[in-house]
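*Asks:* Handing you this structure, nothing more for now.
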Amino acid sequence: MRKLIYHVATTVDGYIAHEDGTTKGFLEEGEHIPDYLESLKEYDAVIMGKKTYEAGYDFGMKPGDAPYPNMMHYIISKTLHLDTKDERIEIIREEPIGLVKKLKQKDGKAIYLCGGGALAGFLLENEMIDELKLKVNPVLFGAGIKLFGKSNKQVNLVTIDSKLYKSGVTLSTYKLSYT
Ligand SMILES: NC(=O)c1ccc[n+]([C@@H]2O[C@H](COP(=O)([O-])OP(=O)(O)OC[C@H]3O[C@@H](n4cnc5c(N)ncnc54)[C@H](OP(=O)(O)O)[C@@H]3O)[C@@H](O)[C@H]2O)c1
């Protein structure tokens, strides 16, 4: 079965963005960047919440663009309307459990859960996330959007891999153990 992997950058205090959705303070240079770009080849589908899709506009993306060219994009939103004929984009109007179950049954590469916290929290509550790839940046935001939104679910993690970059960023891979 294909795995759903939440692959995300976080602060040491567990925030993926500031309260206003910006991410200033995450390191934008260093060896972790080419490593991340290389790792995108492991995915052929990406799932994201509406606010994560729209956060791309701050980086030059236009409405209707597919930010990850080699992936099918599933954007979870009841309210988003995009004027696009790009076949790599599908807006999912309902809660995404059925979508994730369906994608996991299909052949293919791993599924990239891009974020944000609200969507990841919902998928965690429903025990849909198989792995967590956490890029911990050496910074505290003090407040902001949490890694798993409002979820307070407790889950044991099995560490699969861990790497420390010269920049101080660590990349750890965990398997989620729901039992
Ligand atoms: N650090 C990183 O690596 C990283 C990665 C990704 C995102 N981010 C940041 O995270 C921020 C966004 O995160 P967020 O938690 O505020 O929002 P989000 O999860 O990206 O999007 C929330 C929206 O998605 C839809 N949605 C999410 N979960 C749903 C569910 N279970 N069922 C139905 N619809 C659902 C809803 O849109 P509707 O109201 O339209 O239905 C909801 O308002 C951005 O600012 C971005 O910069 C950071």
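*Asks:* Under 5 Å between amide hydrogens, which residues at least 5 positions from I92 or on another chain qualify, with H placed 1.01 Å from N in the peptide plane?
*Replies:* I75, I76, S77
*Asks:* Wrap a convex hull around the Cα atoms of the chain, take a quarter of its surface area, and give that in square nanometres.
*Replies:* Numbers: hull surface 40.5 nm².
Mean orientational projected area (the chain, Cα hull): 10.1 nm².
*Asks:* Given a 1.4 Å probe, how much area per residue of the chain is accessible, in Å²?
*Replies:* Normalised by residue count, the accessible surface of the chain is 57 Å².
*Asks:* Of all beta bridges DSSP finds with both residues in the chain, what is the antiparallel percent, to the nearest 5? Before the final figure, lay out the partial values.
*Replies:* Working: 16 of 41 bridges.
Of those bridges, close to 40 percent are antiparallel.
*Asks:* Moving on. Determine the dipole magnitude for the stretch 40-113: charges of +1 sit on the beta-carbon of Lys and Arg, -1 on that of Asp and Glu, nothing else is charged, the reference point is the Cα centre, and the result goes in debye to the nearest 20.
*Replies:* 240 debye
*Asks:* With each run of n ≥ 4 DSSP H residues scored as -39500 (n - 2.57), what mean residue ellipticity at 222 nm is computed for the chain after dividing by its residue count and rounding to the nearest 500 deg cm²/dmol? Numbers along the way, then the final one.
*Replies:* Values: 4 runs with 32 residues, N = 179.
Rounded to the nearest 500, it is -5000 deg cm²/dmol.
*Asks:* Now, a different point. With a/c under 1.5 counting as rounded, go ahead and sort the stretch 114-179 into rounded, prolate or oblate using the C-alpha gyration tensor (a ≥ b ≥ c being the square roots of the eigenvalues; past the cut-off, prolate if a/b is larger than b/c, else oblate). Numbers along the way, then the final one.
*Replies:* Values: a/c = 2.40, a/b = 1.25, b/c = 1.92.
In terms of gyration-tensor shape, oblate.
*Asks:* Right, here's the next one. How about the stretch 43-148: which GluC sites (Glu not before Pro) there are in a DSSP loop, with at most 16 other Cβ atoms within 10 Å of their Cβ? Don't jump to the answer; show the numbers that get you there.
*Replies:* Working: sites: E54, E87, E90, E94, E125, E127, E131; in loops: E87, E94, E127.
Those that pass, being in a loop and sparsely packed, are E87, E94, E127.
*Asks:* Rounded to the nearest percent, how much of the accessible area of the chain (1.4 Å probe, protein heavy atoms only) is carbon and sulfur? Before the final figure, lay out the partial values.
*Replies:* Working: 5240 of 10120 Å².
The computed percentage sits at 52.
*Asks:* Normalising by the residue count of the chain, find the relative contact order in percent from Cα pairs under 8 Å and 6+ residues apart.
*Replies:* Relative contact order comes out at 35 percent.
The values are calculated or read from the model by the stated rules, or taken from the named source; none is laboratory data. Small disclaimer: the values here were computed from a predicted structure and weren't measured. Cβ sites come from the backbone with ideal geometry, for glycine too, and all protein chains shown count toward neighbours. Note: areas computed on protein heavy atoms with side chains; ligands, DNA, RNA excluded. Shrake-Rupley method; radii C 1.70, N 1.55, O 1.52, S 1.80 Å.
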